[in-house]
Structures are given as structure tokens and as C-alpha cells.
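Heads up: the structure comes next, in C-alpha cells.
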Amino acid sequence: DAKTTQPNSMESNEEEPVHLPCNHSTISGTDYIHWYRQLPSQGPEYVIHGLTSNVNNRMASLAIAEDRKSSTLILHRATLRDAAVYYCIRGGNTPLVFGKGTRLSVIA
Amino acid sequence: NAGVTQTPKFQVLKTGQSMTLQCAQDMNHNSMYWYRQDPGMGLRLIYYSASEGTTDKGEVPNGYNVSRLNKREFSLRLESAAPSQTSVYFCASRTSGGAYGTQYFGPGTRLTVL
């Protein structure tokens, strides 16, 4: 049970922003929200994580709703290299549980 | 700094054969994990080791055994391989720090059981 809900797939044009949504309505107060992505034929890689406030790093931004029941991963300018499966995970002090994620396609 | 390494990269077994998948990390992480990923699916946890000397079952442990050899190494053994174990196997390690720890994954082992 991944305990998060994501769309199966999304499509974006190259160099456009992409907003990947995630619902986690039963999140506990101590769970972090983690995002990983998996490029074709590779292992998952860390993208970003946060607890309550919005977070930015060199790869992406994470916007967390005030009630923490949902979040959005933002890729500011999608490139062809960003085509991957993106996983949104509620992280407690236990092993991370990966659902099926959102498959992002980027169109040139 | 190699991160998480896995051997072998590819393996073909016949039903009933045994083999051990090796995993090592050089980041001094306490926690290590084994996942499997079937086509079109997310990752499912097989076993994990929260620290050296401890191991625990994950979601799909049947047919597998693990050994946390030392802090760096965590191996996964298939005693009698079955076609249902055809999958891609990923090892991961995690920074300490509880809920916000980041997991680092190896490149995977692609296993086919005939």
C-alpha cells in the first residue's frame, strides 16, 4: 500500500513547466513527502523531499498544501532527459514504499 | 565514491538453481534494502536491514534469504529459483536520520529464471 495517489501518466512539451500532483490524504504529522524518479533501465534516484514548507533544489521544487494532504512536484523547464517515472512517497521511519508512480513523457 | 554497487548486472538461471546477488555501499549508511521490480510495476520490498546485524522481512520475502555481512555489504540469496522470481532486483542504502533519510539505489540486477 503506497498510501499516495498519482496519475498514471502525464505529457509535457519540452522547455515547458510540469506540475506532477500527488494526494496523500492520510499522511501523519511526522511523515515526510519524498519524490524519486526512475529513468529508463536505471534505479530510482532522489529528487526532493519536504515536511511542511515548500522546498527548492537544483532539480525541482516541491509545493506542499497547507493541510499536507497533497503536494506537487514542479519541474521548471522539462527536458527530454526528464522523461521518467516519478514516485511520490510518504516517508516515515520505515522503508520507503513505492507505488506505480506517474510516467512523464516529454515531447520535443 | 562509487555509491551503491550490485553484481552481477545480468543473470540467467534454470528453475531450481541457486544464486546470490551482491550489494555494497561506500557511504557508511546504516540501512540497506532489497527491492524487486516486475515489468510495469513499482518496486516491492523484499528484505531490509536497519543496521548491521539486523534483518527484517518486507512485503515479498518468500523464496529469498539475506545476509548483512558487515556495514557495507548486504546480499540476497535465491535458494531454489522459480520463474516467478524473474525480475529486476535493486539494492539501496539510506542515510540515517529517520523519516527524512534519502535512499540511494544501485543500477539493478536483471534476473531471468527459465
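No value in this document is a laboratory result; all are computed from the given coordinates. Model, not experiment: these values are computed from the prediction. Glycine gets a Cβ as well: all are built from the backbone with ideal geometry, and neighbour counts include every protein chain shown.
Its Cα centre serving as origin, chain A has a Cβ charge dipole (Lys and Arg +1, Asp and Glu -1) of approximately 220 debye. Annotation for A:Glu15 and A:Lys100: the two label points, set 7 Å from Cα along the Cα-Cβ direction, are 3.4 nm apart. For segment A:89-108, the residues whose backbone nitrogen is under 19 Å from a point 7 Å from the Cα of A:Thr26, taken along Cα to Cβ, are A:89-101.
Given a Förster distance of 45 angstrom, what is the FRET efficiency for A:Thr52 paired with B:Thr7, based on the Cβ-Cβ distance and rounded to 0.05?
Numbers: r = 41 Å, r/R0 = 0.91.
Once rounded, the FRET efficiency stands at 0.65.
Kindly provide log₁₀ I(q)/I(0) values, in the same order as q = 0.17 Å⁻¹, from the Debye equation applied to equal alpha-carbon scatterers of segment B:61-114. Here the Debye-derived log intensity ratios amount to -0.68.
Close amide H pairs (under 5 Å, H built 1.01 Å from N) link A:Val47 with A:Trp35, A:Tyr36, A:Arg37, residues at least 5 positions away or on another chain.
Around the Cα centre of the protein assembly as shown, unit charges on the Cβ atoms of Lys, Arg, Asp and Glu (plus for the first two, minus for the last two) sum to a dipole of about 440 debye. Cα extents for the protein assembly as shown along the principal axes, largest to smallest and rounded to whole angstrom: 49, 37, 34. 3J(HN,Hα) along segment A:56-72: 10, 9, 5, 8, 6, 10, 10, 10, 10, 4, 4, 7, 6, 8, 8, 8, 9 Hz, from the Karplus curve 6.51 cos²θ - 1.76 cosθ + 1.60 with θ = phi - 60°, whole Hz, x for Gly and Pro.
Dipole size in debye (nearest 20) for chain B around its Cα centre, Lys and Arg Cβ +1, Asp and Glu Cβ -1?
On the way: 11 positive and 7 negative charges, 30 e Å.
Dipole size: approximately 140 debye.
Its relative contact order, with pairs defined as Cα atoms under 8 Å and 6+ residues apart, puts chain B at 35 percent. Can you work out the FRET efficiency for the pair B:Glu59 and A:Asn8, with r the C-beta to C-beta distance and R0 = 22 Å, to the nearest 0.05? The formula returns an efficiency of 0.55 here.
Pull out the extension gain between B:Ser51 and B:Ser80, defined as 0.36 nm times the separation in residues minus the alpha carbon to alpha carbon distance; nm, one decimal. Could you put the intermediate results ahead of the total?
Details: separation 29, 0.36 × 29 = 10.44 nm, distance 2.71 nm.
In short, 7.7 nm is gained.
Mean separation of Cα pairs under 8 Å and 6 or more residues apart, divided by the residue count, gives chain A a relative contact order of 38 percent.
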